[in-house]
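Please treat every number below as a calculation from the coordinates, not as lab data. Just so it is clear, the structure is predicted and the values come from calculations on it, not from any experiment. Cβ: placed from backbone, ideal geometry, glycine included. Neighbour counts: every protein chain shown.
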């Protein structure tokens with residue numbers, strides 16, 4: 001069983017960083033809400049607050065890793081320009097998608113939307129992590145701040161869903177492949 | 001929009017928000033982070049749209065050739081966001097500000113960012 005180097009990095013970007021980040025949202029929204037309506041600071045244990053700070057920092061780090069790996073490692077492979085006269089476009093995903101009116105929308109809508117909106121997620125989650133670290137359970141005393149934090153978390157979720165959803169489809173219709181083959185295991 | 005710190009407003013102060021309860025932190029640092037995130041998001045939307053609509057800007061945003069215009073759009077937006085956060089945090093670091101106004105401004109910027117990063121809306125603005 002083998003996988004190409006580019007495939008492996010794409011899996012790490014989407015299934016590793018991106019999916020972990022996505023899975024963490026429900027927990028983040030639940031705990032931000034619970035913590036910020038729990039009442040005075042003494043009602044939340046320090047351990048829980050510390051753990052949730054770690055959780056949000058991890059989410060922000062995952063968000064940054066996802067967009068940075070996507071934009072600066074995988075996207076260059078995706079948008080590589082084929083040499084003139086190339087007929088097999090399988091190594092050039094963007095050109096492959098644009099070569100047919102049946103698939104060009106995956107680039108013109110999917111990738112064009114995904115490549116920009118994805119950046120809202122790390123900006124939003126960095127802000128959310130900072131505000132929670134700064135205020136913690138005191139968010140209960142700042143209703144408007146809590147609303148802003150929850151809104152940004154929801155927007156980050158939406159941005160990640162758009163980017164992740166289109167990423168999955170793009171990788172289905174025009175997978176980013178190539179590079180050294182990595183043998184994961186071999187039958188004897 | 002006037003978002004001066006409420007503590008600097010002359011005359012009698014309006015009823016203080018819950019954030020001003022004794023022992024609570026001022027809301028300024030949080031407001032600075034929130035507004036800066038809105039500014040950074042809107043900058044992303046504007047840069048993405050400008051890079052799509054204006055060929056000269058598109059070329060100017062190519063900071064790193066393999067990633068193309070996206071490199072300039074993303075790095076410039078991050079720079080705007082961080083500078084805005086730094087400036088706002090210095091101004092509001094130890095004060096209470098009107099968070100309702102901050103939130104309204106931020107949500108409008110966020111909405112603008114969401115629209116400007118949506119390709120059909122970009123096309124609509126360009127008359128395509």
inquiry  = If you build the convex hull over the alpha carbons only and average its shadow over all orientations, what do you get for the protein assembly as shown? Give it in nm² to one decimal.
reply    = 20.6 nm²
task = Determine the calculated [θ] at 222 nm for the protein assembly as shown from helices alone, applying -39500 (n - 2.57) to every DSSP H run no shorter than 4 residues and normalising by the residue count; nearest 500 deg cm²/dmol.
result = -20000 deg cm²/dmol
ask   = Under the Kirkwood approximation for Rh and a Cα-based Rg, what ratio Rg/Rh is obtained for the range A:106-175?
value = 1.17
ask   = Can you tell me the Rg and Dmax of chain A, counting just the alpha carbons, in angstroms?
value = 20.2, 70
query = What is the ratio of the Cα radius of gyration of the range B:33-125 to 2.2 N^0.38 Å, where N is its residue count, to two decimals?
reply = 1.20
ask   = To the nearest whole number, what is the average tally of beta carbon atoms from other chains within 10 Å of the beta carbons of peptide B:79-90?
value = 1
